[in-house]
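> Please find one structure pasted underneath; my questions will follow.
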Amino acid sequence: MRTLIKDGTVVTATDTVSADVWIDGDTVVGVCHPSLRKTFAAEREIDATGKLVLPGGVDVHTHLDMPFMGTSSRDDFQTGTIAAAHGGTTCLVDFAIQGRGQSLRAGLDAWHAKAEGKAAIDYGFHMIMADVNPQSLAEMKTLAAEGVTSYKLFTAYPGALYSDDGQILRAMQQAAELGALVSLHAENGIAINVLIEQAVARGEVAPRFHAATRPEISEAEATHRALCLAEIAGAPVYIVHLTASRALEQIVAFRDRGLSVYAETCPQYLFCCTDDIAKPDFEGAKYVCSPPMRPKAMQADLWRGLRTGHVQVVATDHCPFDFKGQKDMGREVFTKIPNGMPAIETRLHLLWDGGVREGRITPSRFVDIVATAPAKLFGLYPKKGTVAVGSDADLVVWDPERKQSLRARDLHMRVDYSPYEGRTTQGAPTHVLSRGNVIVENGKFLGKAGAGRYLRRAAFRAL
Ligand code: URP
Ligand code: ZN
Ligand code: ZN
């Protein structure tokens, strides 16, 4: 089927042009001047007058159907990808997990089984390495050949996902060899555990002590260490969910020395803060994630990082837990509150409203941050992340005037609260297309669970 999106303004990471977009089957075949309409015919037309045509969002940090802290993230690959589509995200990269004592293969196969037949948008996998040993290091080669070209390691969560410096260095050396990218959850988990033990002994058990026991310096130290290890390995490195000004200083310093260092932040760190985690009546539990909420003043530094390009990506770290039945496992003590927040559906709304509309970033920078840069860094570009001839027709018709309520009951994520209850944003999709098929039209889901395809990602290429 040939589709014409007509009279819109196409925005990419580099250009803003008035143009028609022609789609044949699942591929963009033309970004053309309207005069060419005489030459071709379309079976379906979408009128984009007064609207923007953007590449679909690419979310490279999600945790769907993830067992964690004695429970599981609420969204699975069906509910999570449908919610993503409602928010204009057409492609995601989720984290498959190697269990301790398990092979990478077993972890990856388990995640393929979770996604197969359920995902409504295209997806790939990073691999969380929870057990770096000679076997798992050797397995990275097999997995990279299957399109798993990025690996996440943790300096946090000792006894669970944690790796020591030697393990991180070895994984980075292997990644450099294979053309893969290592990403780091950078917090000093060993020091944090001491602070937690001491806080709990003092009776400091409310949600806000989750933030107090994970101080900025522990993120800055672990970020510095990760960057040093990457330099030793001669490997690129990507710091996930960066929150802290002093961690950002490390990123800037290493990038200024010409090293291949990248960083991602998340909407919750741009729009929520320590005031939220300190809310009374256990409401603060809704904002428990790691790294934790930071003081509001740090948000300006993160925005500056996004503007200057030292921070390249905003991904979600979507990891939703219900308030009732999951977050409240930690009513007695914050250490039992499952870490994570819902975000997969609201990323573009928040970034447009708080970023573009408030004059912090341009529309092209918005596209770069939510789609193009993540697609490039994680081996998906140019099929994903741009509007160009030959790209997958993963597109969003974006109405800059359309309002969206961020109340839980107006959203599609399978979680019983919204961190942004009561907030309305301006700027929202009217149409979302996945490989040429309209999967969301004016808030109605028209896609199909199981239509999403697994993406074999290419080797890492520097931005
Ligand atoms: O609190 C978070 N971020 N939960 C998800 C797991 C992780 O560390 O990314
Ligand atoms: Zn993490
Ligand atoms: Zn995460």
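> Straight-line reach from residue 383: which lysines have Cα under 27 Å away, leaving out those fewer than 8 places along the same chain?
In chain and number order, the partners are 6, 51, 114, 118, 141, 152, 444, 448.
> What's the local net charge at residue 362, with K and R +1, D and E -1, over the other residues with C-beta under 13 Å away?
Local net charge: +1.
> Per-residue ellipticity at 222 nm for the chain, helices alone: DSSP H runs ≥ 4 residues times -39500 (n - 2.57), over residue total, nearest 500 deg cm²/dmol?
About -8000 deg cm²/dmol.
> So, one more: May I ask for log10 I(q)/I(0) of region 301-381 at q = 0.16, 0.18, 0.20 Å⁻¹, from a Debye sum over the Cα atoms as equal point scatterers with solvent left out?
-0.71, -0.80, -0.88
> In whole percent, how big is the carbon plus sulfur part of the accessible area of the chain, probe 1.4 Å, protein atoms only?
Roughly 50 percent of what the probe reaches on the chain is carbon or sulfur.
> Sort 74, 170 by accessible area with a 1.4 Å probe, largest first.
Greatest to least solvent exposure: 170, 74.
> Please give the net charge around residue 447, taking every other residue with its beta carbon less than 11 angstrom from that of residue 447, where Lys and Arg add +1 and Asp and Glu add -1.
For residues surrounding residue 447, the net value is +2.
> Got the relative contact order for the chain handy, in percent, Cα pairs under 8 Å and 6 or more residues apart?
Value for the chain: 22 percent.
> Compute the signed sum of charges (Lys and Arg +1, Asp and Glu -1) over the other residues within less than 15 Å, Cβ to Cβ, of residue 392.
For residues surrounding residue 392, the net value is +3.
> Starting from region 293-335, pick out the trypsin sites (Lys or Arg not before Pro) whose DSSP state is loop and whose Cβ has at most 16 other Cβ atoms within 10 Å.
296, 324, 331
> Ok, one more. Please state the charge dipole magnitude for region 55-377, taken about the Cα centre, from unit charges on C-beta atoms (+1 on K and R, -1 on D and E), reported in debye and rounded to the nearest 20.
The dipole magnitude comes to about 380 debye.
> Sticking with this structure for a sec: Ratio to report: Rg/Rh of region 55-377, with Cα atoms as the point set and Rh obtained by the Kirkwood method; give two decimals.
Checking Rg against Rh, the ratio lands at 0.93.
> Further, regarding this structure: Using a probe radius of 1.4 Å on heavy atoms only, what accessible surface per residue do you get for region 55-377? Whole Å² is fine.
Per residue, region 55-377 has 31 Å² of solvent-accessible surface.
> Place +1 on the Cβ of every Lys and Arg and -1 on the Cβ of every Asp and Glu in region 55-377, take the dipole about the Cα centre, and give the residue among 73, 111, 186 whose Cα lies farthest towards its positive end.
So the residue furthest toward the plus end is 186.
> Counting other Cβ atoms within 10 Å, which GluC sites (Glu not before Pro) in region 302-405 have at most 12 and lie in a DSSP loop?
332, 358
> Further, regarding this structure: In the chain, if the dipole is taken from +1 on Lys/Arg beta carbons and -1 on Asp/Glu beta carbons about the Cα centre, which of 449, 209, 292 is farthest to the positive end?
Highest projection toward the positive end goes to 449.
The values are calculated or read from the model by the stated rules, or taken from the named source; none is laboratory data. Note that this is a predicted model, so its numbers are computed, not measured. Note: ideal-geometry Cβ built from the backbone for every residue, glycine included; neighbour counts use all protein chains shown. For accessibility, only protein heavy atoms count, side chains too; no ligands or nucleic acids. Shrake-Rupley method; radii C 1.70, N 1.55, O 1.52, S 1.80 Å.
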